[in-house]
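A.B. asks: So that we are looking at the same thing, I have put the structure below in structure tokens.
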Amino acid sequence: MSMTQAALLVALLALVLGGVVLLRTWWAWRQRRLITCPENEQPAAVRVNALGAAAGSLTGHPHLKLSECSRWPEKKDCGQECLSQIERGPGECLVRTLVARWYEDKGCVCCGKPIKDVAWADQRPGLRAPDGAFLAWPDVPPEALPEMFKTHAPVCWDCLVVQKVAREHPDDVTVRPPREQLYS
């Protein structure tokens, strides 16, 4: 192997490793997080500039900056003091982490089935509001989660789908209580 080939191989290896670091860091920082806004002590949904954090990770110091906040555009020029919450526990404030923890040790309010692992890719559980309305997670603003965790009940994916179909096609569906409730 010539020196030129060796140098090219080293450069290619460095490029691949740098790309892997960039991709992993981008992947880790791209998700929505829920923080407490230091200005008003209320929940706010934020996103970190994942590309900027990934680029900074190549030097060993990812630079965190917000790319989105539920309080923007009104508060777009804030000092972003909330980033210290994210730096202390980047995984702890992920919306999906908070939601998964809420479902731990809970059962579906409709059928009683335990909701163990939240399948984010396809079969996400939902919520039932105090007024009886059913909500899917795409319909829930992340900054409303702390209050909804206090007032709403967990619903498994199966029951959420049944309720959606029953609502959209009421003449075609009969929803009955589980068998255990029929004979009690």
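A.B. asks: Using the Karplus curve 6.51 cos²θ - 1.76 cosθ + 1.60 with θ = phi - 60°, work out ³J(HN,Hα) for each residue of the range 68-82 in order, rounded to whole Hz, and write x for Gly and Pro.
C.D. replies: Each residue's phi maps through the Karplus curve to give 8, 8, 5, 8, 8, x, 4, 10, 4, 8, 5, x, 6, 5, 5 Hz.
A.B. asks: I'd like to verify something in the chain: which complete DSSP H helices, judged by Cα projection on the helix axis, reach 15 Å or more and average at least 0.5 on the Kyte-Doolittle scale?
C.D. replies: Span-like helices here: 3-29.
A.B. asks: R0 = 35 Å: FRET efficiency of ARG101 with GLN80, Cβ-based, nearest 0.05?
C.D. replies: So the FRET efficiency works out to roughly 0.85.
A.B. asks: Lysines within cross-link reach of LYS113: Cα-Cα under 26 Å, excluding same-chain residues under 8 positions apart?
C.D. replies: Candidates past the 8-residue exclusion: LYS150, LYS164.
A.B. asks: As a test of the formula, what do you get for the chain when each DSSP H run with n ≥ 4 contributes -39,500 (n - 2.57) and the sum is divided by the residue count, at 222 nm and rounded to the nearest 500 deg cm²/dmol?
C.D. replies: -12000 deg cm²/dmol
A.B. asks: What three numbers, in Å, describe the spread of the alpha carbons of the range 31-93 along their principal axes, ordered from the longest?
C.D. replies: 34, 23, 18 Å, listed from the longest principal axis down.
A.B. asks: Could I ask something else about it? Report the label-to-label distance for VAL165 and GLN5 in nanometres (one decimal), using points 7 Å from each Cα along the Cα→Cβ vector.
C.D. replies: 6.3
A.B. asks: Under 8 Å for C-alpha pairs, at least 6 residues apart: give me the relative contact order for the range 95-182, rounded to a whole percent.
C.D. replies: Worked out over the range 95-182, it gives 27 percent.
A.B. asks: A follow-up question, please. As an exercise, use a Förster radius of 45 Å and the Cβ-Cβ distance of LYS150 and LEU13 to find the FRET efficiency, rounded to the nearest 0.05.
C.D. replies: Using R0 = 45 Å, I get an efficiency of 0.30.
A.B. asks: Report the residue, chosen from LEU17, LEU145, LEU83, that carries the largest GNM mean-square fluctuation when the chain is represented by alpha-carbon nodes joined by springs under 10 Å.
C.D. replies: Of LEU17, LEU145, LEU83, the Gaussian network model singles out LEU17 as fluctuating most.
A.B. asks: Given a 10 angstrom Cα cut-off, can you work out which residue in PRO90, PRO125, PRO43 is the most mobile in a GNM of the chain?
C.D. replies: PRO90
A.B. asks: Taking amide H positions as placed 1.01 Å from N in the peptide plane, with prolines and chain starts having none, which residues 5 or more places from CYS110, or on another chain, fall under 5 Å of its amide H?
C.D. replies: Here the answer is CYS156, since their amide H atoms fall under 5 Å of that of CYS110.
A.B. asks: Return the Rg/Rh value of the chain, two decimal places, where both radii are evaluated on C-alpha atoms and Rh is the Kirkwood radius.
C.D. replies: 1.15
A.B. asks: Can you give the net charge of the other residues whose Cβ lies under 15 Å from the Cβ of GLU39, counting K and R as +1 and D and E as -1?
C.D. replies: Cβ neighbours under 15 Å give a net charge of -2.
A.B. asks: While we're on this one: Under 28 Å between alpha carbons, and skipping anything fewer than 8 positions from LYS65 in its own chain: which lysines qualify?
C.D. replies: LYS75, LYS76
A.B. asks: Another one. Specify the longest stretch of the chain that does not include any exposed loop site, a site being one of the GluC sites (Glu not before Pro) with a non-H, G, I, E, B DSSP assignment and at most 16 other Cβ atoms within 10 Å.
C.D. replies: Maximal segment without exposed cleavage sites: 105-184.
A.B. asks: Further question: Take the Cβ-Cβ distance between ALA55 and GLU92 as r, set R0 to 22 Å, and report the resulting FRET efficiency rounded to the nearest 0.05.
C.D. replies: 0.35
A.B. asks: Related question: So what J values fall out for the range 138-146 if you push phi through Karplus, 6.51 cos²θ - 1.76 cosθ + 1.60 with θ = phi - 60°, rounded to Hz, Gly and Pro as x?
C.D. replies: x, 8, 9, x, x, 5, 8, 4, x
A.B. asks: OK, next. What number, in percent, do you get for the relative contact order of the chain if the mean sequence gap of Cα pairs under 8 Å and at least 6 apart is divided by its residue count?
C.D. replies: 15
We did not get these values from a lab; they are worked out from the coordinates using the rules stated. Every value quoted in this text rests on a predicted model; they were computed, and no experiment measured them. For neighbour counting, all protein chains shown are included, and Cβ atoms are generated from backbone atoms with ideal geometry for every residue, glycine included.
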